[in-house]
Every structure is written in C-alpha cells, then in structure tokens.
Amino acid sequence: MSDTSFDSSQTTEASFGDYFALLKPRVMSLVVFTALVGLLVAPGSVHPIEGFAAILFIALGGGASGALNMWYDADIDRIMKRTQKRPIPAGKVTRDEAFAIGIALSCLSVIMLGLASNLVAAGLLAFTIFFYVVIYTMWLKRSTPQNIVIGGAAGAFPPMIGWAVSTGGISIESIMMFAITFFWTPPHFWALALFMKSDYSDAKVPMLTVTHGRRNTRIQIFAYTVLLAALSVGMSFTALNGPVFLATAVVLNLLFIKGAWTILRRNEEQAEGDNYAAERSFFKLSLLYLFLLFTAILADAVLVRMGISLGGWV
Amino acid sequence: MSNFRPDHELHQRRRGRNFGLLAVLIGFVALVFLLTVVKVQNGGKVEAFDHTARPSLTTPEGGQ
C-alpha cells in the first residue's frame, strides 16, 4: 500500500488543539477571570473543590457557546481575515462536529454546574449560552448595528454566575459587575471594528462602522466611554464602595477617556497614516481596563476579609 | 523492531487527540469523585426513612 493515501496536506483530521480552539480560549480566559471574581467577592463560602468545579463548568459553558457561534458563523468566518484561521474555515473541523461539540458541552456544563453549585447559577449559565448563541449570533449580529451593544450582555453574565454560585441568588453587587462589562463591550469592539477595516463590510455584518460610518463610530466610542466612566466611578459610592476600586476606577477611566478622546479627534487619513495606532492601543487598554477593575473589586474584598478594610465611602 | 515505518503525521495527530481525550475523561472522573466526597462530607446527615422506626428519626419528647 502506498503512503500517498495519507497525504497530510489533504487531510482534515483535526488535532486536539483544533477542538480546543473551537471553545475560543481567549474569550474563555475573560469568562474565567470575571466569574472567579464574582465567586470570590460574594458573601458566601464555597468549598475550594466546588468553587473550582463551578468555574470550570462556567468556562466550559462559555466555550460551548463559542463552538456554537463558530458553527453558525462559519460562512462569515471564511470571509473575515480575523477569523479565517478558526478551525472550521481552516478546514480542520467540520460544521457538524462543531455543532455536536457545542450542544454536548452546553448540556454538560449546565447540568454539572447545577449539581456542583445550585440551580440559579446553572439557570444563569443556560441563559447566557442561549443569549450568546440565539439572541446575539443568530439574530442580532446580522440584523442590527446594535448587535454588540445588546449582545454584550452575554459576556457580562459570568461575574453574576460566579456570585450566584456562592450566594444562590442575584444582588445589586452582581448586577453592578454585569453593568461594568456590559458598558465596556461597545467601545472595546468598535475600536476593533475600526482597525479591522473592511472585514465586517466584506462579510456584510452590520457593524456600526458599516451602517453609520467610521466617524459616527468614533463618536459612539467616546459616548460609551464617558458613560462607562460615570457608571464605574459612580459605583464606588454604592455597593462596590472599596477604596482600591475607587482609586483604580478613577485612574483607568481617565486613561480610557483620554484614549477615546484621541480616537474621536482623529479622522481616517490620520488613522491610516499610523496604521490605526491609537485605535489599537485603545483596544489593548480596554483589555487591561476590565482586568484591573475586576482585580480592584477582588482586592477590596480581600482587604475586608483580612480585617484591614480602609472602610467604605458610604 | 526496526522494520516498522515511522508513524505518519496523521497518526501522530490522531494519537495526540486520543491522549488528550483520555486526559479530559480522567480529569472529569476525578473531579466528579472529589465533588461527591465534598458533597457527602458537607451534606450533613444522610439518613432517611427506610420503613423502620429509628430513634434518630423520631421527634424528641417536648420537641417541636
């Protein structure tokens, strides 16, 4: 038998890593981190094994919704440069495989989270998967420029799920953590849309840059950044009233507003001149923004637990 | 046995996938086992009516 039947360049046999890539590991890391903060700052106690299992299943649920997103969006992922190397457009995993993995892991993660923690957390995870796959991916993404504004809710649920794992419920603090991520999403994605240039228009995805123009997108980025700043600094005087959070929120929001102001003042010629340097740097800052703000929430909770609270502001 | 041909890249990939799945399954079983241990330890008394009257299941005198 000749070896020619096994020409590896023609096979679509996926490696383990290709299946793992279906779960969007980078998005999963954000889900894990915010859910972990929600779990740790909540006023309940969870056994470390239960906590570990809960975070793992929340991550798995997030990954499952990522696989279902890739299953549904395979056609536009083939067109967009940013997504062409994903397992389905790269020809490594079939759409059917992605669908099967997504459905199986969705069910497994929700059931296991319910068994490991409680039904409220499991219900929230199920709703998050439903929201991301059905509301965002299947409906909003291809029909309205508000796609990532409303769809951003899916990415904002993990800290609420983490909180629910510990307390078995929903409270004003967990809703505030939701709100931070919710209002952070539009400027984060619109900055990406600005420097991805024609990706979204090529794929006929009605991103704000495509439907309302790039100038309008710059204005919207600034508007949402100011809104986010007011919200997060304002939160420092309510339930999330730790001094570390307040200090971090003030510094980060000043930097964020400065970045958004720079984007607002630029036009396309200037942006193309330096290959969208300001937009790229704003996008990177947005990642740091969310990470540090949630770290600050955690730091305040740790200070309180250690009995060295500097006291709330309210 | 040096007569064997070296594995084709496809077989190496398939082996990697199988071992990956094996690791995931072992990890899952271990996690479920540990979760069970924790749930049983923290679950309080696991005792229910089994058609036999036992002192531990009866209401103490003067109790609520």
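Quick notes on this one:
- The stretch B:20-30, residues that are at the interface with another protein chain (Cβ under 8 Å from one of its Cβ atoms) and loosely packed, with under 13 Cβ neighbours inside 10 Å: B:L21
- The residues of the stretch A:180-212 that are exposed (fewer than 15 other Cβ atoms within 10 Å of the Cβ) and modelled with pLDDT of 90 or more amount to a single one, A:H212.
- Given (1) in a helix (DSSP H, G or I); (2) β-branched (V, I, T); (3) more than 17 Å from A:R280 (Cα to Cα); (4) more than 21 Å from the chain's Cα centre (by Cα), index of the condition A:V226 fails: (4)
- Residue in the stretch B:38-45 that is more than 9 Å from every other protein chain (Cβ to nearest Cβ), under 19 Å from A:I49 (Cβ atoms), at pLDDT 85 or above and assigned to a helix (DSSP H, G or I) present: yes
- Considering residues of the stretch A:21-45 that are more than 13 Å from A:I161 (Cβ to Cβ) and hydroxyl-bearing (S, T, Y) only, the residue surrounded by the most Cβ atoms within 10 Å (Cβ to Cβ): A:S29
- Spans of helices (runs of 4 or more DSSP H) in the stretch A:15-78 with at least 1 residues more than 29 Å from B:H11 (Cβ to Cβ): A:25-41, A:48-72
- Each residue in the stretch A:275-314 was checked for being closer than 25 Å to A:T217 by Cα and at pLDDT 90 or above, and 17 pass.
- Meets criteria (surrounded by fewer than 17 Cβ atoms within 10 Å (Cβ to Cβ), assigned to a loop (DSSP other than H, G, I, E, B) and basic (K, R)) for A:K92: no
- Close pairs from the stretch A:155-175: first acidic (D, E), partner part of a helix (DSSP H, G or I), Cβ under 9 Å, at least 6 apart: A:E173/A:G38; A:E173/A:V41; A:E173/A:W163; A:E173/A:I297
- Residue in the stretch A:87-94 that is of a type in the set (D, E, K, R) and more than 14 Å from chain B (Cβ to nearest Cβ) present: no
- Restricting attention to the stretch A:24-62, the residues that are within 12 Å of chain B (Cβ to nearest Cβ) and of a type outside the set (V, I, T) total 11.
The values are calculated or read from the model by the stated rules, or taken from the named source; none is laboratory data. Quick caveat: nothing in here was measured; it's all calculated off a predicted structure. Heads up, the Cβs are rebuilt from the backbone with ideal geometry, glycines too, and the neighbour counts pull from every protein chain shown.
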